[in-house]
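Where a number appears in this text, it was derived from the coordinates with a stated rule and is not lab data. Here the structure is a predicted model, which is why all the values come from computation and not from measurement. Backbone-built Cβ (ideal geometry, glycine too); neighbour counts: all protein chains shown.
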Amino acid sequence: MAFFPGTRLHVVTGKGGTGKTTVAAALAVALSRGGRRVLIAEVEGRQGLAPLFGRGPLPHGETEVTRTEGGGSVSVMPVDPERALIEYLDLFYHLGRAGKVLQKMGAVDFVTTIAPGLRDVLLIGKVKEAAVRRSGSGRYYDAVVLDAPPTGRIVRFLGATDEVAQIAKVGPIRTQSEQVMALLRGDESAVHLVTLLEEMPVQETIDGAGHLTGAGLPLGAVVVNKVRPERLTKADLTRAAQGRLDLDAVGATLAEAGLTEPGLAKVLADEAAEHARRVALQQQERRELADLDLPLVELPLVPETVDLGTVSRLADRLGEAP
Ligand SMILES: Nc1ncnc2c1ncn2[C@@H]1O[C@H](COP(=O)(O)OP(=O)(O)OP(=O)(O)O)[C@@H](O)[C@H]1O
Ligand SMILES: [Mg+2]
């Protein structure tokens, strides 16, 4: 497993819908191979990971969802901010049953609604707690993958503890914030950016990389997801784009295959032109991403519904990445 071998906390962000959850799952599987224990933390209350491992909704807490080659395992931890707040208060203030009462009264909801920063602190606090456990402890993980909020909110999310630390000058919240920032900014963490080879996600990746670096957060790889295979040679792509494909030759090949429907060669040539335009666009976006000077990993667009089989094939690709 060569994907960022020194990293313990892998934060996966990117524009909405680019494949953060899918990539987080694939990365966890890749990292777990060869006997490592990996945890994926989910903080947006979406339960998007469980179905990828063939599971229904998972409880707050850590649930093993799959075993992988060489004795590795992947667990998923959906973090519920309400439960995290109760646990947190209980840990420092020994609320006992009072915590349950607070929850019933809706106090937790109230607190996390008026102070959304606090909500983020609680979520990231749970992730930190799992990431800093030492080997030898029962639920130790070799790596933690965070299926994080999208690029537009990531710096705010990861920096929430910094903001809260400004207010809480002393006490457990302050200590907690310092530990979180030390972990996030340390060399055992990396923020990976998932993108598509399309204008908007690429722009968001470039902007996001700038904001993360500005906040002192270490960047990992750019994961280019849903890459369309290129089916034609360079020369044919150029010809297709310019509408100069030899229709007679295409027609002859079709006829050899028993396809003699009139106009079929023209339909195919139009599709080839469209394909050539997309390939050219992908190439342009690739160049823009290359300027970021980060490791780039490409994952193919898979034709089928994404399931554990797909996730493990995407994991193969991540495992091969430098
Ligand atoms: N390589 C791929 N090939 C084909 N489909 C994919 C691939 N990666 C992800 N998808 C599909 O794209 C959709 C979005 O993926 P996913 O949910 O992982 O994105 P996300 O960034 O986590 O989205 P959100 O911002 O809503 O959390 C899903 O339907 C998923 O199955
Ligand atoms: Mg998601």
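Taking R0 as 45 Å, what's the FRET efficiency between Arg67 and Arg286 from their Cβ-Cβ distance, rounded to 0.05?
Working: r = 36 Å, r/R0 = 0.80.
Using R0 = 45 Å, I get an efficiency of 0.80.
Rounded to whole numbers, the Karplus 3J(HN,Hα) couplings from phi for region 205-211 are 5, 5, 4, x, 4, x, 5 Hz, using 6.51 cos²θ - 1.76 cosθ + 1.60 with θ = phi - 60°, and x at Gly and Pro. Close amide H partners of Ala41, meaning residues 5 or more places away or on another chain with modelled amide H under 5 Å apart, are Met77, Val145, Leu146, Asp147.
Here the 3J(HN,Hα) profile of region 284-294, calculated from phi with Karplus coefficients 6.51, -1.76 and 1.60 at θ = phi - 60°, is 4, 5, 4, 4, 4, 5, 4, 5, 5, 6, 10 Hz, Gly and Pro shown as x. Taking packing as the residue-averaged number of other Cβ atoms within 10 angstrom, the listed peptides 280-290, 48-58, 17-27 run from highest to lowest as 17-27, 48-58, 280-290. Most tightly packed first, judged by the mean number of other beta-carbon atoms within 10 Å of their residues, the peptides 300-309, 73-82, 263-272 read 73-82, 263-272, 300-309. Any chance you could give the angle, 0 to 90 degrees and rounded to 10, that helix 308-320 forms with the longest Cα principal axis of the chain? Relative to the chain, helix 308-320 is tipped by roughly 90 degrees. Here the spin labels are modelled as points 7 Å beyond Cα on the Cα-Cβ line, and at Glu320 and Thr213 they lie 2.9 nm apart. Taking each DSSP H run with n ≥ 4 as -39500 (n - 2.57) and averaging over every residue of the chain yields -16500 deg cm²/dmol at 222 nm. Using the Cβ-Cβ distance between Asp187 and Lys100 with R0 set to 51 Å, the FRET efficiency from 1/(1 + (r/R0)^6) comes to roughly 0.80. If you bin all the Cα-Cα distances of the chain at 10 Å, starting from zero, the percentages per bin are 6, 23, 29, 20, 11, 6, 4, 1, 0.
The calculated FRET efficiency for Arg228 paired with Ser137, based on their beta-carbon distance and R0 = 56 Å, is about 0.80. Taking H as built 1.01 Å from N, whose amide H comes closer than 5 Å to the amide H of Leu299, not counting residues under 5 places away? For Leu299, the qualifying residues are Val224, Asn225, Lys226, Val227.
Between the amide H of Val191 and those of Val11, Leu219, Gly220, distances stay under 5 Å, these residues lying 5 or more places away or on another chain, with hydrogens modeled in the peptide plane.
Extension gain for Asp293-Lys266 works out to 5.6 nm (0.36 nm per residue, less the C-alpha to C-alpha distance).
Using θ = phi - 60° in the Karplus curve 6.51 cos²θ - 1.76 cosθ + 1.60, the 3J(HN,Hα) couplings for region 24-30 round to 4, 5, 5, 5, 4, 4, 4 Hz; x is entered for Gly and Pro.
Against the main long axis of the alpha-carbon atoms of the chain, helix 172-185 sits at an angle near 30°.
Rounded to the nearest 10 degrees, the inclination of helix 116-131 to the longest alpha-carbon principal axis of the chain is 90 degrees.
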